[in-house]
Amino acid sequence: MLETRSLPIIVLLLITGSAARPFFPLPSKDTEDHRQPLQTSRPYNIAHRGSNGEIPEETAAAYMRAIEEGADFIETDILSSKDGVLICFHDVTLDATTNIADFKQFANRKTTYEVQGVNMTGWFIVDFTLEELKLLRVNQRYPFRDQQYNGKFQIITFEEYIAIALDAPRVVGIYPEIKNPVFINQHVKWPGGKRFEDIFVKTLKKYGYKGSYLSKEWLRQPAFIQSFAPTSLVYISNLTDLPKIFLIDDVTVPTQDTNQSYAEITSDSYLDYIKEYVVGIGPWKDTVVPVEGNYLTMATDLVARAHAHNLQVHPYTYRNENIFLHFNFHQDPYQEYDYWISKIGVDGLFTDFTGSLHDFQEWTTLLSSNDDSALELLHKIASMIQSYKRG
């Protein structure tokens, strides 16, 4: 049992944070790496678009905050500008998360394209050069999140994102997505008949990313490549041996390139096929455990079957706000983490709140040898700290 005199030490351990590191345009060329290695003993903490629960997504500040908060991997979506520069951005349109509407000179760029079989209207990223995109500033996607950083940060390139990971004070992996490859290959053309996937892999090779999962090369510079497009993953398997993750959407959404249904791509026969090209799957979490009336129902066997095929499972996306937490978790994100790690047995989690997942894993790892469950002990300690502060 913890004694009262130990509480000041606990408080100090709970207080985390460090000064933001300067951002450099290119990573260090040093070959010696004495940084703390990537942890591989517990599920990966994957910073979904950076620590975007706090800072606007896919920005340098969001990624640096995620690193400070303990992320194992920083995740990003890769698209392309009109002039073929790979950038970090989630939507194919700029409308939702930038101040594009404030630029009168771009008013006539609004157009309609077909994206995954649906007509969309907006300012499309493929109609702007990198120079033009750098004029824009990124805003927080959700109105119920902190708005103080709106308009402060630029869109960054794939190379700038890589630089952030390589400049981190410890080994931090990257987790880039080949985003909307069908759409990008339709609208952006590179010299020599190259396609989006070629330029994507070329960039990773330029900065030394190589090696199969857990190889020495991989552990030095860890990376997962992800995509919802199975043909892209198969294509790049001939270009790089880096581990790949097949993303899986909602049960109603077919694959964007092969038009296969959810049932087809999660069948045992398909898992047996795709495991030759990927090391894991990244399903939307509500497909792993279906939800009715905001309550979890019985878990499917997807995780067990994926593990039987020697595939990791990295579900998305874990968010702390009540609007995203199912009623089963009583407005407590720690309970959600505990459920998915302890009961479902996932191998990595995409989270918008890197710090909370890191804190949860640090404490449950420390306390896991105790007879009580780690989660119960965590709450007991928090209660003790509050009582100590009041006293």
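The values are calculated or read from the model by the stated rules, or taken from the named source; none is laboratory data. Being a predicted model, the structure only gives us computed values, none of them experimental. For neighbour counting, all protein chains shown are included, and Cβ atoms are generated from backbone atoms with ideal geometry for every residue, glycine included.
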Check your understanding: Among the candidates Gln186, Gln147, which residue alone is out of contact with any strand residue (DSSP E or B) (no Cβ under 6 Å at 6 or more places or on another chain), in a helix (DSSP H, G or I) and not aromatic (Phe, Trp, Tyr)?
Key -> Gln186
Review point. Out of the stretch 91-107, which residues are surrounded by 19 or more Cβ atoms within 10 Å (Cβ to Cβ) and either in a loop (DSSP other than H, G, I, E, B) or at pLDDT below 95 (or both)?
Key: Asp91, Val92, Leu94, Thr97
**Study point:** Considering residues of the stretch 163-187 that are under 15 Å from Ala62 (Cβ atoms) and β-branched (Val, Ile, Thr) only, the residue surrounded by the most Cβ atoms within 10 Å (Cβ to Cβ)
**Key:** Ile164
**Study point:** Conditions (1) aromatic (Phe, Trp, Tyr); (2) in a helix (DSSP H, G or I); (3) under 18 Å from Tyr235 (Cα atoms); number of the one not met by Tyr209
**Key:** (2)
**Study point:** Close pairs from the stretch 254-277: first of a type in the set (Lys, Arg), partner not in a loop (DSSP other than H, G, I, E, B), Cβ under 6 Å, at least 6 apart
**Key:** none
Check your understanding: Quick one: is Ile248 hydrophobic (A, V, I, L, M, F, W, C), under 18 Å from Tyr161 (Cα atoms) and crowded, with 18+ Cβ neighbours inside 10 Å?
Key -> no
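So that you can scan it fast, the table gives a plain yes or no per residue for (1) surrounded by 17 or more Cβ atoms within 10 Å (Cβ to Cβ); (2) among the charged types (D, E, K, R); (3) in contact with a helix residue (DSSP H, G or I) (Cβ under 7 Å, 6 or more places away or on another chain):
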position: Val303; (1), (2), (3): yes, no, yes
position: His307; (1), (2), (3): no, no, no
position: Asn310; (1), (2), (3): no, no, no
position: Tyr316; (1), (2), (3): yes, no, yes
position: Glu321; (1), (2), (3): no, yes, no
position: Asn328; (1), (2), (3): no, no, no
position: Asp332; (1), (2), (3): no, yes, no
position: Glu336; (1), (2), (3): yes, yes, yes
Exercise for review: Give me the pairs, please: first residue somewhere in the stretch 212-235 and within 30 Å of Arg170 (Cβ to Cβ), second residue anywhere and part of a helix (DSSP H, G or I), beta-carbon distance under 6 Å, and either six or more positions apart or on two chains.
Suggested key: Ser227/Leu233
Review point. Looking at (1) without any contact (Cβ under 8 Å) to a residue 12 or more places away in the chain; (2) under 19 Å from Ala263 (Cα atoms), which is the one condition that is false for Leu302?
Key: (1)
Practice item. Could you tell me whether any residue of the stretch 147-158 is over 27 Å from Val115 (Cβ atoms), buried (at least 23 other Cβ atoms within 10 Å of the Cβ) and hydrophobic (A, V, I, L, M, F, W, C)? Key: no
Check your understanding: How many residues are buried (at least 16 other Cβ atoms within 10 Å of the Cβ) and part of a loop (DSSP other than H, G, I, E, B) when one looks only at the stretch 111-130?
Key -> 3
Review point. Applying the selection to the stretch 212-232, what residues are surrounded by 15 or more Cβ atoms within 10 Å (Cβ to Cβ), polar (S, T, N, Q) and in a loop (DSSP other than H, G, I, E, B)?
Key: Gln221
Review point. Which pairs do you get when a residue that is under 21 Å from Pro315 (Cβ atoms), found in the stretch 32-59, comes within reach of a residue that is of a type in the set (Lys, Arg) and part of a loop (DSSP other than H, G, I, E, B), reach meaning Cβ atoms under 7 angstrom, with the pair 6+ apart or on two chains?
Key: Gly53/Arg145; Gly53/Arg319; Glu57/Arg49; Glu57/Arg141; Glu58/Arg49
Practice item. Select from the stretch 61-89 the residues that are within 14 Å of Leu136 (Cβ to Cβ), under 20 Å from the mean Cα position of the chain (by Cα) and either aliphatic (A, V, I, L, M) or surrounded by fewer than 20 Cβ atoms within 10 Å (Cβ to Cβ) (or both) and list them in ascending order. Key: Leu79, Ile87
